[in-house]
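Below is one structure, written out as structure tokens, with a few remarks after it.
The values are calculated or read from the model by the stated rules, or taken from the named source; none is laboratory data. Since the model is a prediction, treat every value here as computed from it, not as a measurement. All Cβ positions, even for glycine, are placed from backbone atoms using ideal geometry, and neighbour counts span all protein chains on display. These area figures cover heavy atoms from the full protein model, side chains too; ligands, DNA and RNA do not enter into them. Shrake-Rupley method; radii C 1.70, N 1.55, O 1.52, S 1.80 Å.
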Amino acid sequence: MDDNLMVKRKTRKPLLYISMASMVMLFAAFTSAYIVSKNGSGLAWDVIILPTPFFISTIFIVLSSVTMFMASKAIKVGDTSKMKTFLAATLVLGIGFAVYQFIGFNELNDMNKYFAGSQSTPASSYIFAILGMHMAHMAGGLISLLVSFFNAQSGKYSVENHLGLELTAIFWHFLDALWIYLYIFLSFSNEL
């Protein structure tokens, strides 16, 4: 491994971990505020059941983590063909996740649940804020996947040099775990 790659590894991985730690703190703050607002408002809290597309998107993102793992595993043994295939599958599944998220947002609106305005409630505002913020981070993940996909297609990854793919995989798995936490939290928040 050359010195330049070692320097990149020593700087980029810790920066990614720091950014993920800040995201954990952000979503911990959101979910804590949700609980405090719900239990401290003294008002009747709007019970919102997440529409089915959010569950379907969960399946998409879990499958995408599996394919991302397979892509990472393939490049570590030098199988660039499998890496490209699994990376393409991850990208397709990631786009599927995003599509079903937007379908879920539309279904929330169809249920008269809004982010802001006279018809919004604190519960609906929190749900839209939490889900919207996750989608903003997912946009970054999808951009990272696209860059990795194009880098893979142009032959930039090898057994010795696949840091970009490795960083994308770490971030993608993090977004997956974060979504699973948020989905479970919001699915069972009516019982908190």
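The loop-placed GluC sites (Glu not before Pro) in region 100-178, going by DSSP, that have at most 11 neighbouring Cβ atoms within 10 Å of their Cβ come out as Glu160. Surface composition of region 31-74: carbon plus sulfur atoms hold 76% of the accessible area, using a 1.4 angstrom probe and ignoring ligands, DNA and RNA. Put simply, the Cα atoms of region 47-121 extend 57, 17, 14 Å along their principal axes, the longest span coming first.
The chymotrypsin sites (Phe, Trp or Tyr not before Pro) found in region 85-192 that occupy coil by DSSP, while having at most 15 further C-beta atoms within 10 Å, are Tyr114.
Report the number of Lys pairs in the chain whose alpha-carbons are under 20 Å apart, with separation of 8 or more residues or on distinct chains. Taking the Cα cut-off of 20 Å, the pair count is 15.
Taking the charge dipole of the chain about its Cα centre, with +1 at Lys and Arg Cβ atoms and -1 at Asp and Glu Cβ atoms, the residue from Ile49, Leu108, Phe150 reaching farthest to the positive side is Phe150.
Using just its DSSP H runs of length 4 or more, each adding -39500 (n - 2.57), the chain gives a mean residue ellipticity at 222 nm of -28500 deg cm²/dmol after division by all residues.
Rg/Rh, computed from the Cα trace of region 133-175 with Rh as the Kirkwood radius, has the value 1.03. For region 48-190, the solvent-accessible area with a 1.4 angstrom probe is 45 square angstrom per residue. Based on the Stokes-Einstein relation at 25 °C and a viscosity of 0.890 mPa s, and on the Kirkwood radius from alpha carbon pairs, region 45-192 is assigned a translational diffusion coefficient of 152 µm²/s. Taken about its Cα centre, region 1-120 carries a charge dipole of about 580 debye when Lys and Arg each add +1 at the Cβ and Asp and Glu each add -1 at the Cβ. Rounded, prolate or oblate, given the Cα gyration tensor of region 22-72, with a/c below 1.5 counting as rounded? Verdict is oblate for region 22-72. Rounded, prolate or oblate: pick one for region 84-146, where a ≥ b ≥ c are the square roots of the eigenvalues of its C-alpha gyration tensor, a/c under 1.5 means rounded, and failing that, prolate if a/b is larger than b/c, else oblate. Taking the square roots of the gyration eigenvalues as a ≥ b ≥ c, region 84-146 is prolate.
Here region 78-132 has 61 percent of its accessible surface on carbon and sulfur atoms, given a 1.4 Å probe and all protein chains in place.
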